[in-house]
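Report on one structure; see the data block that follows.
Each reported figure results from applying straightforward, stated rules to the coordinates on display, with no laboratory input. Just so you know, these numbers come straight off a predicted model, no measurement behind them. All Cβ positions, glycine included, derive from the backbone under ideal geometry; neighbour counts span all protein chains shown.
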Protein chains: 2
Amino acid sequence: MAHADNGRTRILDSAATVLRQKGLAGAKLSEIAKGAGMLAPSIYHHFPSKDHLVEEVMMEGIYHNSRHIVARVEVLGPDAAPLVRLRAAIVAHIDFLLSGDDYSSAVARVFNDLPDEMRRRVLAAYSSFDNYWRDLIVAAQADGSASATLDPTVVRKFLIAMLDSCSSWYRPGKLAPAQIAEQAADLLLHGFAGSSRPA
Amino acid sequence: MAHADNGRTRILDSAATVLRQKGLAGAKLSEIAKGAGMLAPSIYHHFPSKDHLVEEVMMEGIYHNSRHIVARVEVLGPDAAPLVRLRAAIVAHIDFLLSGDDYSSAVARVFNDLPDEMRRRVLAAYSSFDNYWRDLIVAAQADGSASATLDPTVVRKFLIAMLDSCSSWYRPGKLAPAQIAEQAADLLLHGFAGSSRPA
DNA sequence: GTCTATAATCAGATAGAC
DNA sequence: GTCTATCTGATTATAGAC
């Protein structure tokens, strides 16, 4: 299950790994092919172009990520307090990113470098998930447990940027992913100011 | 003063603009040259390679940015409360980024794509400025006005990632830079939770 | 389905005239 | 100091054998 052994999936897995590490322009087809145990031209038996391959990695990454986070939030049930749900989403997002999912890390790394038309399509696919974050944020404001003076869109942009940045600076050995996730949630929900914070 | 008219500076200005908009791989020498009113090979009269040119843009960007922020913080005087100084730094950083400085935006955009050796050098140049942020953070923790349970390094990474993200999603016409800056400072210092915040 | 050529393209870099 | 012309190298993509 971890490594599907058909060629197409091996190529996708390898592409996600290389894209995550090298970025869009740095991801050469020859290296992707090597990771899949074949040579570059063989990729064209499975994908019509590099762009198509990259786009499929992006779509997979979005799907992996959103499915994981939604599952971790919805297990709390719809009656959980909005802030509890939001915290769960934050922790799940970092957890997932740092637990090494190459697909979602690849999205975080190369999204801004995508060709315009492709970025539009990927963004469209992302929008339902974006709305999920937005709903979590707005729900907390609606029931009075979060600051209504903050713009929900700005909060979401800052939140996602902050969380996504982890994959570029996290190195195993110092803080564990779970600790970083807790710090992110504390910082976002309660802020840096204040000598202690509510439990 | 806005546009120095010697060739070398025109090339640097154009490179910063193109790097900011297109990223590292997307920034072609021909386009940089066009922005400077010349053709690609002429660049080599002023710079030995594209890498040298890019590195100089990065160094300028760091210098611009740090000088601006330090000035806006230090005008408060050393006796200002640490949190007041930190807030000033946050506001100044966003202000500067969104006010359209191409050099510092270029740094935020391409830093992660830089070749390894060059990224090390740029990071080294950045480290004194990094320490400046760190000192602001640690000072607030030391005098009890900020949470001591948060790791200063993690706070700094999250903070910078959040602020730098502005340049990729900000569009004139909605919230003004000053408003975004205020929201960033409120979110970071006081958090999203809480129905109101201290003045 | 993967391989060995090889084409087509493009961008960074160089040579040398003006 | 900038140009025209050209070289070099890398990379995506194709053709066709096995």
Give me a comma-separated list of calculated 3J(HN,Hα) values for segment B:177-189, in order, Karplus coefficients 6.51, -1.76, 1.60 applied at θ = phi - 60°, integers in Hz, x for any Gly or Pro. x, 5, 5, 4, 4, 5, 5, 4, 5, 4, 4, 6, 7
Convert each backbone phi in segment A:164-174 into a coupling constant with the Karplus relation 6.51 cos²θ - 1.76 cosθ + 1.60 (shift: θ = phi - 60°), then list the ³J(HN,Hα) values in order as whole Hz, x for Gly and Pro. 5, 5, 3, 5, 8, 10, 5, 10, x, x, 8
³J(HN,Hα) across segment A:24-33 via Karplus (A = 6.51, B = -1.76, C = 1.60, θ = phi - 60°), whole Hz, x for Gly/Pro? 5, 5, x, 8, 7, 4, 5, 6, 4, 4
So how compact is segment A:38-156: Cα radius of gyration and Dmax in angstrom? 17.1, 58
Calculate the length of the line joining the C-alpha centroid of segment B:130-151 to that of segment A:142-158, in whole Å. 25
Flagged links, alpha-carbon separation over 18 Å, of A:Lys22/A:Lys50; B:Lys28/B:Lys50; A:Lys157/B:Lys28: A:Lys157/B:Lys28
Stokes-Einstein, Kirkwood over Cα pairs, chain B, 4 °C, 1.567 mPa s; D in µm²/s equals 71
For the protein assembly as shown, convex hull volume per residue from C-alpha positions, Å³: 159
So, in nm and shortest first, the distances from B:Pro41 to its counterparts in the other copies, with label points 7 Å along Cα→Cβ, work out as 3.5
What residue among B:Asp102, B:Asp79, B:Asp113 has the largest mean-square fluctuation in a Gaussian network model of chain B, using Cα springs under 10 Å? B:Asp79
Given +1 on the Cβ of Lys and Arg, -1 on the Cβ of Asp and Glu, and no further charges, what dipole in debye does chain A carry about its Cα centre, rounded to the nearest 20? 400
Tell me, what is the percent relative contact order of chain B, built from C-alpha pairs under 8 Å that lie six or more residues apart? 24
Using a 7 Å offset from Cα along the direction of the beta-carbon, what are the separations from A:Gln21 to the same position in each other copy, nm, ascending? 3.4
Across the identical copies, how the B:Gly7 labels are spaced - nm, sorted shortest first, 7 Å along Cα→Cβ: 5.2
Just tell me how shielded A:164-172 is by partners: mean number of partner chain Cβ atoms within 10 Å of each residue's Cβ, no decimals. 3
What does the structure give for B:178-188 when I average, per residue, the other chain Cβ atoms found within 10 Å of the residue Cβ? 4
Find out how many positive minus negative residues lie around B:Tyr132, taking Lys and Arg as positive, Asp and Glu as negative, among other residues whose Cβ is under 14 Å from that of B:Tyr132. +2
Dipole of segment B:1-66, positive direction: furthest Cα of B:Leu53, B:Gly7, B:Leu19, with charges on the beta-carbon: B:Leu19
Run through all the Cα pairs of segment A:89-199 and give the fraction in each 5 Å bin from 0, expressed as whole percent. 2, 10, 18, 22, 20, 14, 9, 3, 1, 0
Given the -39500 (n - 2.57) contribution per DSSP H run of 4+ residues, what per-residue ellipticity at 222 nm results for the protein assembly as shown, rounded to the nearest 500 deg cm²/dmol? -23000 deg cm²/dmol
